[in-house]
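The values are calculated or read from the model by the stated rules, or taken from the named source; none is laboratory data. Note that the structure is predicted; figures quoted are calculated from it, not measured. Cβ atoms come from the backbone with ideal geometry, glycine included; neighbour counts cover every protein chain shown. These area figures cover heavy atoms from the full protein model, side chains too; ligands, DNA and RNA do not enter into them. Shrake-Rupley method; radii C 1.70, N 1.55, O 1.52, S 1.80 Å.
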Amino acid sequence: MNKKIFATLLLFGLSQAAQAEYRAYQYIVKSQDPFAVATKSNAQYIVSTLNPQMFKSYHGGNSVSIDLMRTWICPGYTGSRKPVCDHPYDKAAQ
């Protein structure tokens, strides 16, 4: 009896597709280098899957200033160098 229950649960579990998702972040990144020319052109908009703390430590620590603009959830798998999905409002505007 236990084998039948186990087999049923296993088949039910395998029939359910795994739903993966990840969070995307959009930042404005500026150099904190005192020798860099302070212009608006040194600011960059960057979309990443790294949260603010990880992004800052990975991309220069105190040498960069980051401001979080917006964040959203992307469905799917993040491997194989797949690009980050677009913001849902950007898709709606097209």
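Structural remarks
- Condition met for TYR27 (surrounded by 10 or more Cβ atoms within 10 Å (Cβ to Cβ) and either in contact with a helix residue (DSSP H, G or I) (Cβ under 8 Å, 6 or more places away or on another chain) or modelled with pLDDT under 85 (or both)): yes
- Restricted to region 55-94, and to residues there that are farther than 19 Å from ALA43 by Cα, within 16 Å of the chain's Cα centre (by Cα) and of a type in the set (A, V, I, L, M, F, W, C), the residue that is least open to solvent (accessible area, probe 1.4 Å) is CYS74.
- Selection from region 65-81 of residues that are of a type outside the set (Gly, Ala, Ser) and modelled with pLDDT under 85: TYR77, THR78, ARG81
- If you go through region 54-94 and keep only what is more than 12 Å from ALA24 (Cα to Cα), among the aliphatic types (A, V, I, L, M) and part of a strand (DSSP E or B), you end up with VAL64, ILE66.
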